[in-house]
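Report on the following structure.
Throughout, read-outs are computed from the coordinates displayed, never taken from laboratory work. Because the structure is predicted, anything quoted here is derived from the model rather than measured. Using ideal geometry, Cβ is built from the backbone for each residue, glycine included, and neighbour counts are taken over all protein chains shown.
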Amino acid sequence: MKVFDYLVIGSGCAGAMAAQTLVEGGVQVVMVDVGVENPDYSTTIPNKSFLDIRQNEPEQYRYFIGKEGEGISWGQISKGAQVTPNRYHMTKLVDKYIPVQSSSFSPLESLGYGGLGIGWGLQCWEYSNEDLERSGLDTTRMPGAYETVSRRIGISATKDGASAYTIGGLQSYLPSAKMDRNNQQIYKNYQRRVKYFKNRGVFLGRTPLALLTKDKDERKAHQYRDMDFYDDNYQSAWRPWITVNALRKKPNFTYIGSHLVISFREVKSHVEVRCINVETDKLIVLRCKRLILASGALGTARIVLRSLGNNHSQLPVLSNPHAYIPCLQPSMLGKGVEHQKLGFGQLSIFMDTADDRRDLSIATTYSYQSLMMFRVIQQIPWLNLKEARLILRYLMPALIIMIAQHPDDPSDSKYLKLIKDSKSPTGDALKAHYVLAPEVDKIWENHEKQIMSVMRKLQVYPVKRVHPGHGSGIHYAGTVPFSWKEKSMTLNPSGRINGLRNVYVADSSGFNYLPAPGLTFSLMANAHLVAENVLKNA
Amino acid sequence: MISKETSDNLDLQATIFSRYLVNKLPNKLSRSLYQKLVSDDSLIVSDRDLKLLHFVEHNPWSIGLVEAGLVFVRPESALRQRLYIMLAILESMPEYHKDFLPKEASYLYLINVVWYGLRGFVKAIMGIILIKAYRL
């Protein structure tokens, strides 16, 4: 009977960071993952700029609309609106193996190689001390963990008027990438009236990104090709699979793909882990001395509910409420194509009107060019496609998509449970219920109105506000929360599941609060700390 | 009962839609892609939708009016969804990149923007009348 030393579940941001810490600690690590890859598209996209491709590549339809047209989506903006055909494999097999039933919550999950990190927007905000404390994270060790993660993945950032909100005390970072002209103009407009904005609790700064602006090992600095939504050529953007690929070259790391972990059972000397092989649908049992769950907050919730719950068990869930706000910046009208451009979000606006760093909202700005006209043309109201095309050609250089995000606290009206589902090979589905209290909804609506008012003062004019539904913001946490008490299905501060000796959770499941700035940097730092705790407790 | 669509119908639709959207004939690849994507599409085309499609196949001049009218009376119609598919296909062909990439122009172009908006509105009124008159 083979018993592995350390078993990490999942190859996403948390799994990659936890595994790297364990491997660097010198122990034998096995990663179990479904790991869907993309054999169709991964080598299709040439190393050319967006403009060059648009002008000259006859096969461009393969990655812009998908060879089966899968990138053409009719209807309202929904979850994963920014995901392009080249990255669709991140959601392959999800409906079959990890179905969700809900009328109020519409999450995006991944069984891909690299998890949700495949399509991550690279934003790496540090949580403030207040946010760390409310989330239940270790305020003394997290700053060091942020440094470790930043050195590993390469973060580009700028110290500016908002760096207290963006990078906090982070020391290890590269210079930010060059902003596109839309963002440059917003930045300039903000700087002109910086006192006015700061007095009103509005802080605007460069968004820290997991993006290289200098070469690092085999990865190259960003090339400004404006193909960031489509490819990972040059690997300047960090994706979890980059780390996992590097780990697979190490002698003390083994990767087992095509396996979905269903549940675990702690026995005397080891942990038994039940998995389903997604190629054969056969069940197998793996054994390990220590198990580290990093399947994402929803994936971990399923595994914990199956392993420790009963028919009535339910777990809390957190997810950032959010809205898309398309805007126009008139000074950019008719500017034509921008040749050298970065596609990622580049500016962050923090609304801290109470000036207490509590419950602040954040908005990030994206210039719209490489996502193609067809994705946005349906949003033009009351106009046929021909006239809409003619108008959009002029408006597109001035089009900015803002994403506003708000924090989330646990409540009785947000929970997950497992229900029977005979169609799924696992025999169950996750039932999600997510309803915000009307007074909370009102607060976020006011914040969004304030953000829109700030944009107008920055000479950027919001056109409308779109709420694509709860859960579609792709940030999930709080399903197996940190607790000082030995409560079932909670974590102790070291990340170990209370009541168990050898099962840990390294993803965002433990967070007791979900601040507005994206959680990815913090969940990676936490994953590193959990892995350190596992090594320490061995 | 309205006859079902053949590949000839789809080819004709591709041509009419392309001429309408970008004033150009579709290239071979976009015609075959349109056929493939529309045939694979799970969209259920009702008899009413088929009637509408046959109408524009026989009266290609009407496509601009019908589509503009549909925006108000049946925005989810199969005709608009297929036009949208054709638009996405054309946008991803190098031959038509100039029709979709941002246009460099002065603020005076705003006059054109207003004109396109008004033209779209007038077309919509005429389209609604046409749709009602022919019971499309």
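Largest GNM mean-square fluctuation among B:VAL56, B:VAL114, B:VAL45, using chain B with Cα springs under 10 Å: B:VAL114. In this structure, the pairs whose alpha-carbon distance is over 28 Å, taken from B:LYS103/B:LYS123; A:LYS414/A:LYS487; A:LYS92/B:LYS24, are A:LYS92/B:LYS24.
The value of relative contact order for segment B:1-116, using C-alpha pairs under 8 Å at least six residues apart, is 30 percent.
The angle separating the long axis of helix A:438-457 from the principal Cα axis of greatest extent in chain A is about 40 degrees.
For A:LYS386, the aspartates and glutamates whose Cα falls under 14 Å of its own Cα, not counting residues fewer than eight places away in the same chain, are B:GLU67, B:GLU91, B:ASP99.
Taking each residue as 0.36 nm, the span from A:SER413 to A:SER104 lengthens on full extension beyond its C-alpha to C-alpha distance by 110.2 nm. Compactness of segment A:76-161 is given as radius of gyration and Dmax, 16.9, 47 Å, from Cα positions.
At a Förster radius of 41 Å, what calculated FRET efficiency corresponds to the Cβ-Cβ distance of B:TRP115 and A:LYS92, to the nearest 0.05? Provide the component values of the computation, followed by the final result.
Values: r = 46 Å, r/R0 = 1.12.
Calculated value: 0.35.
When +1 charges are put on Lys and Arg Cβ atoms and -1 charges on Asp and Glu Cβ atoms, the dipole computed for segment A:442-538 relative to its Cα centre reaches about 300 debye. The Cα trace of segment A:447-523 gives Rg and Dmax of 18.3, 57 Å, the first to one decimal, the second as a whole number.
Using C-alpha pairs below 8 Å separated by at least 6 residues, the relative contact order for segment A:128-274 is 18 percent.
Under a Gaussian network description of chain B, with springs only between Cα atoms under 10 Å, the residue in B:ASP11, B:ASP49, B:ASP99 that fluctuates furthest is B:ASP99. Annotation: amide H-H contacts under 5 Å for A:LYS214 (H modelled 1.01 Å from N, sequence separation of 5 or more, or interchain): A:HIS222. For A:LYS216, go through the lysines and keep the ones whose alpha-carbon is under 20 Å away, minus same-chain ones fewer than eight residues off. Cross-link targets: A:LYS178, A:LYS249, A:LYS250. Per-residue mean of foreign Cβ neighbours for A:293-299 is 0 (Cβ atoms of other chains, 10 Å radius). From helices alone, chain A scores -7500 deg cm²/dmol at 222 nm; the rule is -39500 (n - 2.57) for each run of n ≥ 4 DSSP H residues, then divide by the residue total.
Would you please give the residues with an amide H less than 5 Å from that of A:LEU491, counting only those at least 5 places away or on a separate chain, with H modeled from the backbone geometry? Those lying under 5 Å, H to H, from A:LEU491 are A:PHE482, A:SER483, A:ASN498. Cross-link reach is defined here as a Cα-Cα straight distance under 18 Å, omitting same-chain residues fewer than 8 places apart; for A:LYS420 the lysines meeting it are A:LYS96, A:LYS431.
Rg then Dmax, both in Å and based on the Cα atoms of segment A:344-491: 20.1, 63. Taking each residue as 0.36 nm, the span from A:GLU68 to A:GLN340 lengthens on full extension beyond its C-alpha to C-alpha distance by 95.0 nm. Each stretch of four or more DSSP H residues adds -39500 (n - 2.57); spread over every residue of chain B, this sum gives -22500 deg cm²/dmol at 222 nm. Between A:LYS159 and A:LYS188, the simple label model (points 7 Å from Cα in the Cβ direction) yields a spacing of 2.6 nm. Is the protein assembly as shown best put as rounded, prolate or oblate by its Cα gyration tensor, with a ≥ b ≥ c the root eigenvalues, rounded for a/c under 1.5, and otherwise prolate when a/b is larger than b/c, oblate when not? Verdict is prolate for the protein assembly as shown. Cβ-to-Cβ counts within 10 Å put A:MET227, A:MET489 in ascending order as A:MET489, A:MET227, the fewest first.
Restricting to Cα pairs below 8 Å that are 6+ residues apart, what does the relative contact order work out to for chain A? Please round to a whole percent. Don't jump to the answer; show the numbers that get you there.
Details: 1222 pairs, mean separation 128.1, N = 538.
That works out to 24 percent.
Volume per residue of the convex hull around the Cα atoms, evaluated for segment A:188-243, comes out as 129 Å³. Using the charge dipole of chain A (Lys, Arg: +1 at Cβ; Asp, Glu: -1 at Cβ; taken about the Cα centre), state which of A:ALA398, A:GLY10, A:LEU132 has its Cα farthest towards the positive end. In chain A, that residue is A:ALA398.
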